[in-house]
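The values are calculated or read from the model by the stated rules, or taken from the named source; none is laboratory data. This one's a predicted model, so the numbers in the text were calculated from it and none came from an experiment. So basically every Cβ, Gly included, is an ideal-geometry build from the backbone, and we count neighbours across all protein chains shown. Surface areas here come from the heavy atoms of the whole protein model, side chains and all, with no ligands, DNA or RNA. Shrake-Rupley method; radii C 1.70, N 1.55, O 1.52, S 1.80 Å.
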Amino acid sequence: MQVEVDPELTAALEKRRRQWREINGTARLWARDGSLWTDSGEEEWLGWLDVERLHRLTLVDADGKRVDTEAAKLVEHVVGPPFDRCLLLGMGGSALGADLLWRALPRQVDAEFRVLDTTDPRELSRALAGVDPSALRVIAASKSGGTLETKLAFELLLDQLGDAASVSALAITDPGSALERRARAAGAAVVFGHPDIGGRFSVLSAFGLVPAAVAGIDVEPLLAGARRMAAACRLPDDRDETNPGVELGLLLAAAHDCGRDKLYLHAPDGCAEMVAWVEQLIAESLGKGDVLLLPVAAAGLAVEPAPDRLDIVLGSGASTGVPAGAPQTRIEADLPGDLGGEFFRWQCATAVAGALLGVNPFDQPDVESSKVVTRRYVERMKVGDAGTPVGVVRLSEVSDLGLAQLLGTHLATFPDRGYAVVSAYLNRSSRNRELLDALRRGVARRTGGASVLGFGPSFLHSTGQAHKGGPNRGLFLQITADPPAADVSIPGEGLTFGQVQLAQAWGDYQVLVERDRRVLAVHIDGAVEAGLRRLIEALG
């Protein structure tokens, strides 16, 4: 890891290095000493440290037979019949790592692989279009087994698969969960996760290895890289050699000390999805109380120095737009070949930074807040009693001048050392992405600060923790739209996916308002592309 920093960050890094040695941090981390953090049960979530056991998986097959196997041999048990398209139903850490593996590593299975981490009816319809149900493979992944989006999508896909579910569906979850029971009832196989590994630390466990095996990816090099990195991360603090995970964690804590809490991430070609994986790991683990470390996808943003910015280059092959002379870190990793090692490095660094910053990096207390309010809106929608919340601006009811004034007033509240979030509860079509990214860049230009784009409800399972549980320095622009006329019904629920997506948006908005966050919500009650263009033009 090459570090180019300014004098202030250099001094802060050395101070944190001395502190880590004084508290005997590395030894306590590997001894699973919960008092290294907040002593609130952190030791129960350190199973990811034991890389040697992660290749050992337990599966219950369609006949109910329990099989203990190794990850490299898992394909023998989960391959199933031939398929043209594989859909992974999962949110946050249960899907982002697998998505990266699918996109970055060579696959032996000639099929289409998609992650379905949404309730957007347009995306669900696209996922099912053009493929016969008999040619589908479905993987439902949820550690808790109760994740709303995964549960509802699984019901939809089980309905599509019909009798083929027993050979074409597979679940990944912790033992005894509701998802295990539902999968077993459908005759589908189940692979168990490790109860002592949290979702965002789970990519090197069943949640990453099973989707990789289904795609015909050789997981042994991935695990071998993780083992090598784990060994390097065990180096004692009094040794001259650099401990790569600890050193990155020290840098994260030092950057926070200096107010450089916006981490601009640069990924090499072919590994762009690693930015999303690091984003969910850091934001959900460390966005709590007075602590904020906000990952920012650097691609497409203006190259300008800023006092709250630290650029991190995720691999040796990444091309960058780092401002000249700006603090930066270059991680010399050969991606995607070193993905296993980089997964472990970042997990270790997150644990180290959490210890130094005084937070529990393994919980997510504020993720649950939106879920509670969402459930209320869902119940109201079932009885037709869920209108637009007070304060949401309907785009058809505001003039172009009024919209420009509204946005200008909102952006003028951008706080010192703040960040802006464009949260879009829309489908992730290429056109919507293009327009929303232009909107994000426009917001960054107007505020002069960091800006990020999140698609709902996916981001609720990652950066949503920092938005609601971290320091109140965010400025939020929420965008929603009417469900399509051809909405998708949820089997047995008396609801559509479009209604659930709106309920999730309203729940997110209400919690942000209750926590006195700076939020402007705009509802596009017409053509989505035209509405996005109006917003972009209103920025000037």
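Would you point out which residue out of Asp196, Asp163, Asp159 is more than 22 Å from the chain's Cα centre (by Cα), open to solvent by 10 Å² or more (accessible area, probe 1.4 Å) and either in contact (Cβ under 8 Å) with a residue 40 or more places away in the chain or closer than 30 Å to Glu247 by Cβ (or both)?
One residue alone meets the criteria, Asp159.
Of the residues Leu293, Leu263, which is farther than 19 Å from Asp363 by Cβ and modelled with pLDDT of 95 or more?
After applying the criteria, what remains is Leu263.
Can you tell me how many residues within the range 231-245 are at pLDDT 90 or above, open to solvent by 10 Å² or more (accessible area, probe 1.4 Å) and either hydroxyl-bearing (Ser, Thr, Tyr) or not in a loop (DSSP other than H, G, I, E, B) (or both)?
3
Would it be correct to say that Asp110 is open to solvent by 40 Å² or more (accessible area, probe 1.4 Å), farther than 20 Å from Val367 by Cβ, without any contact (Cβ under 8 Å) to a residue 12 or more places away in the chain and not in a loop (DSSP other than H, G, I, E, B)? Walk me through it before giving the result.
Values: open to solvent by 40 Å² or more (accessible area, probe 1.4 Å): yes; farther than 20 Å from Val367 by Cβ: yes; without any contact (Cβ under 8 Å) to a residue 12 or more places away in the chain: yes; not in a loop (DSSP other than H, G, I, E, B): no.
Against the criterion (open to solvent by 40 Å² or more (accessible area, probe 1.4 Å), farther than 20 Å from Val367 by Cβ, without any contact (Cβ under 8 Å) to a residue 12 or more places away in the chain and not in a loop (DSSP other than H, G, I, E, B)), Asp110 does not qualify.
Pick from the range 46-67 the residues that are open to solvent by 30 Å² or more (accessible area, probe 1.4 Å) and in a helix (DSSP H, G or I): which of them is farthest from Phe207 (Cα to Cα)?
Glu52
Inside the range 392-416, can you point out the residues that are of a type in the set (Ser, Thr, Tyr) and either touching a Phe, Trp or Tyr at 6+ places or on another chain (Cβ under 6 Å) or within 14 Å of Arg533 (Cα to Cα) (or both)?
Matches in the range 392-416: Ser396, Ser399.
Scan the range 460-500 for residues that are in a helix (DSSP H, G or I) and among the small types (Gly, Ala, Ser) and jot them down.
Answer for the range 460-500, where residues must be in a helix (DSSP H, G or I) and among the small types (Gly, Ala, Ser): Gly464, Ala466, Gly469, Gly498.
Being under 25 Å from Ser430 (Cα atoms), buried (at least 24 other Cβ atoms within 10 Å of the Cβ) and in contact (Cβ under 8 Å) with a residue 60 or more places away in the chain is the filter here, so list the residues in the range 125-148 that pass it.
Arg137, Ile139
Name the residue, out of Leu148, Leu96, Leu105, that is more than 26 Å from Asp163 (Cβ to Cβ), at pLDDT below 95 and among the aliphatic types (A, V, I, L, M).
None of the others qualify; the one that does is Leu148.
When you go through Ala444, Ala503 one by one, which is the residue that is small (Gly, Ala, Ser), open to solvent by 10 Å² or more (accessible area, probe 1.4 Å) and either in a strand (DSSP E or B) or farther than 15 Å from Val519 by Cα (or both)?
When all the criteria are applied, what remains is Ala444.
Considering only the range 76-95, state which residues are within 24 Å of Gly176 (Cα to Cα) and within 26 Å of the chain's Cα centre (by Cα).
Scanning the range 76-95 gives Val78, Leu87, Leu88, Leu89, Gly90, Met91, Gly92, Gly93, Ser94, Ala95.
Only one residue in Ala299, Ala324 is over 23 Å from Asp437 (Cβ atoms), of a type in the set (A, V, I, L, M) and modelled with pLDDT under 85. Which one? Lay out the reasoning, then the answer.
Working: Ala299 fails: over 23 Å from Asp437 (Cβ atoms).
Among Ala299, Ala324, only Ala324 is over 23 Å from Asp437 (Cβ atoms), of a type in the set (A, V, I, L, M) and modelled with pLDDT under 85.
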